[in-house]
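Here's the structure we're looking at; comments come further down.
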């Protein structure tokens, strides 16, 4: 299959492009579509054969559910059945953070196929702020099921070029709108009732909507609190497996204040936060790549994280990647979540 790349500028009138992409989706095809977080591999969420093709192209296990992307929050009500006691909180979250990088895991209506939700009674819903994904969803008239546009477990793509390297020849169309503005996948929340029967959210995946932002709207339960045994056994949202977002090369997390002793004969590359840590000053690195050169800004580091990981993974001179641990505040929590999963041994 030849993969076609169409450049699209969301600041211009792109309705013709959106209609063309929607036609591919309506015909059961897959389209790589940018969001503000990462590029997604989109399928018509109501077409079970197309969604099955997403799993096949990505080599994604069937027990890992997908996120449905909507053009607006109003449309989500046709596909979900939120309990009355949670509706006010869901509305507040939607008003505050949509369009944007927040995903809500909500009780689903039967119209959503089992394959999208991995048979779970809930569906992950998002209204992205990127006009291209919303524009294609509007043109299609249905939600778009879209995990990240890469092979399962690999580094998430934040550019069309990264999608082409991963999936070129396997999908018919990539919409290229340049680099993603956020760089980290959406924050995933599950609205629920706490131990006192009051509305709260369980934070299933760290992301651009940080705990600090959420606490002004609702109570955030600690990870795992209130989960049933069944929920612990299998993921109820994407990105919850121990090994994920991983380069092909081994990745080691390291305290930037501690000395690193390299193994003889192994070529190491360093992903450093600012570039001026004691770890970065060591002379054992064949390549050093900072996430926020000289400024130490977590927002800049978040945007660059996956691109830097991918560049280091593609560097033929590097055999093992070492990544500095980041401050676990704000966006640092989400980045450390990705780095921990990237460093986990596959198969464990």
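Worth pointing out:
- Within segment 24-45, the set of residues being closer than 15 Å to residue 71 by Cα and assigned to a loop (DSSP other than H, G, I, E, B) comprises 35, 36, 45.
- Considering segment 92-113, and only residues there that are in contact (Cβ under 8 Å) with a residue 60 or more places away in the chain and assigned to a helix (DSSP H, G or I), the residue that is surrounded by the most Cβ atoms within 10 Å (Cβ to Cβ) turns out to be 97.
- Meets criteria (at pLDDT 95 or above, within 21 Å of the chain's Cα centre (by Cα) and within 18 Å of residue 27 (Cα to Cα)) for residue 124: no
- Within segment 173-217, the set of residues being within 26 Å of residue 43 (Cβ to Cβ) and exposed (fewer than 15 other Cβ atoms within 10 Å of the Cβ) comprises just one member, 178.
- Residue match in segment 331-348 (condition: surrounded by fewer than 17 Cβ atoms within 10 Å (Cβ to Cβ) and more than 27 Å from residue 164 (Cα to Cα)): yes
- Search result, residues across segment 66-85 that are outside any loop (DSSP other than H, G, I, E, B) and crowded, with 22+ Cβ neighbours inside 10 Å: 67, 68, 69, 76
- Answer from 197, 119, 135 - the residue that is more than 19 Å from the chain's Cα centre (by Cα) and under 24 Å from residue 243 (Cα atoms): 119
- Here the condition is being in contact with a helix residue (DSSP H, G or I) (Cβ under 9 Å, 6 or more places away or on another chain) and not in a loop (DSSP other than H, G, I, E, B); of 56, 21, it holds for 21 alone.
- Residue match in segment 267-289 (condition: touching a helix residue (DSSP H, G or I) at 6+ places or on another chain (Cβ under 6 Å), crowded, with 18+ Cβ neighbours inside 10 Å and within 21 Å of residue 209 (Cβ to Cβ)): no
- Residue within segment 221-243 that is modelled with pLDDT of 75 or more, in contact with a helix residue (DSSP H, G or I) (Cβ under 7 Å, 6 or more places away or on another chain) and over 23 Å from residue 146 (Cα atoms) present: no
The values are calculated or read from the model by the stated rules, or taken from the named source; none is laboratory data. Computed from a predicted model, the values in this text were never measured in an experiment. Using ideal geometry, Cβ is built from the backbone for each residue, glycine included, and neighbour counts are taken over all protein chains shown.
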